[in-house]
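J.: Before anything else, here's the structure in question.
The values are calculated or read from the model by the stated rules, or taken from the named source; none is laboratory data. Predicted, not measured: the structure shown is a model, and the values here were computed from it. Note that we place each Cβ from the backbone using ideal geometry, even for glycine, and neighbour counts take in every protein chain shown.
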């Protein structure tokens, strides 16, 4: 799921050009707030290759979208590459990707770099996600507060016994710093504090799943879609926003309801209003069929 994935199928699909025009007007009328509604595919599809780079969290979802899109559009080849949201933004700024997949908003620094290069990043929310905190299935700890998570990942707590578990050292696992998940977790859980020096930075979400599934003392955080897929290998912890709050296990319902504390939006970024295959693909992702794939892959729909 991480890395590079390209798929093709052969099924034809055609809809009206009017729907496409209405979609473009709705989707890209607002750069920051745009959460467009789904629309059908245009009558005259664009040919060629579409490149999408960025968030490892979104590789699974984007690849599923790409596969379904290419079933209907065999004349378009889509290349999906992970590496982290930072990698995607760098590719967008360097002109080496058509779409950047990002699990965080573009930073002020990246905005300034884009302006200097004459690039105009357009943001579209395509799905939502919860960050699941995961441990080994045999770990007796089932609930943590946001404050406990902060203390664990900043190094204030170093043993599981400090949060109701066994008297064993906690092995901290995190994504690398170019990951949108890393930055989101640092901002929303650590409240922008530094990660503990003992934190092990993992190159991919799959590496965190593998490590947690084999180490009873490890703790990590991954996208909800990956946690659902890894059921049985890892255990998702319930999280309390504060000590007196209810313990909420990450789920589609909890993310939509706003009751789960560690949730976020997932984005595509383009240089200006997308055209051709990029526009068609974004349109498909936001359509009823595209949002059905969001649910099927364990993520949360935009509505």
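Per-residue answers, yes or no, for (1) modelled with pLDDT of 95 or more; (2) assigned to a strand (DSSP E or B); (3) touching a helix residue (DSSP H, G or I) at 6+ places or on another chain (Cβ under 7 Å):
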| site | (1), (2), (3) |
| --- | --- |
| 221 | yes, yes, yes |
| 225 | no, no, yes |
| 239 | yes, yes, yes |
| 244 | yes, no, no |
| 253 | no, no, no |
| 256 | no, no, no |
| 260 | yes, no, yes |
| 264 | no, yes, yes |
| 267 | yes, yes, no |
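J.: Moving on to the next point. Among (1) buried (at least 20 other Cβ atoms within 10 Å of the Cβ); (2) closer than 20 Å to residue 59 by Cβ, which single condition is residue 229 missing?
T.: The number of the failed condition is (1).
J.: Then there is this: For region 179-195, which residues satisfy the criterion of being part of a loop (DSSP other than H, G, I, E, B) and buried (at least 17 other Cβ atoms within 10 Å of the Cβ)?
T.: 179, 189, 190, 195
J.: List the strands (runs of 3 or more DSSP E) inside region 50-166, counting only whole elements, that have at least 3 residues being under 24 Å from residue 261 (Cα atoms).
T.: 121-135, 143-145
J.: Another question, if that's okay. Hey, any hits in region 159-173 for a residue that's touching a residue at least 40 places away in the same chain (Cβ under 8 Å), within 23 Å of residue 66 (Cβ to Cβ), surrounded by fewer than 19 Cβ atoms within 10 Å (Cβ to Cβ) and in contact with a strand residue (DSSP E or B) (Cβ under 7 Å, 6 or more places away or on another chain)?
T.: No, region 159-173 contains no residue that is touching a residue at least 40 places away in the same chain (Cβ under 8 Å), within 23 Å of residue 66 (Cβ to Cβ), surrounded by fewer than 19 Cβ atoms within 10 Å (Cβ to Cβ) and in contact with a strand residue (DSSP E or B) (Cβ under 7 Å, 6 or more places away or on another chain).
J.: Still on this structure: Before we move on, is residue 289 closer than 30 Å to residue 143 by Cα and modelled with pLDDT of 95 or more?
T.: Criteria not met by residue 289.
J.: Mind checking which residues of region 248-264 are farther than 15 Å from residue 188 by Cα, surrounded by fewer than 19 Cβ atoms within 10 Å (Cβ to Cβ) and free of Cβ contacts under 8 Å to residues at least 40 places away in the same chain?
T.: Passing the criteria: 249, 253, 257.
J.: Quick check on region 196-209: of everything there that is within 19 Å of the chain's Cα centre (by Cα) and either over 15 Å from residue 133 (Cβ atoms) or at pLDDT below 95 (or both), which residue is surrounded by the most Cβ atoms within 10 Å (Cβ to Cβ)?
T.: Of everything passing the filter in region 196-209, 205 is surrounded by the most Cβ atoms within 10 Å (Cβ to Cβ).
Per-residue answers, yes or no, for (1) buried (at least 20 other Cβ atoms within 10 Å of the Cβ); (2) more than 15 Å from the chain's Cα centre (by Cα); (3) in the same structural domain as residue 194 (by TED's automatic domain parsing):
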{"residue": "96", "(1), (2), (3)": "no, yes, no"}
{"residue": "99", "(1), (2), (3)": "yes, no, no"}
{"residue": "116", "(1), (2), (3)": "no, yes, no"}
{"residue": "140", "(1), (2), (3)": "no, yes, yes"}
{"residue": "154", "(1), (2), (3)": "no, yes, yes"}
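J.: Continuing with the same structure: Is it the case that some residue within region 275-294 is in a loop (DSSP other than H, G, I, E, B), assigned by TED's automatic domain parsing to the domain that holds residue 113 and closer than 30 Å to residue 115 by Cα?
T.: yes
J.: For the structure I just gave you, tell me whether residue 91 is closer than 18 Å to residue 280 by Cα and outside the structural domain of residue 186 (by TED's automatic domain parsing).
T.: Criteria not met by residue 91.
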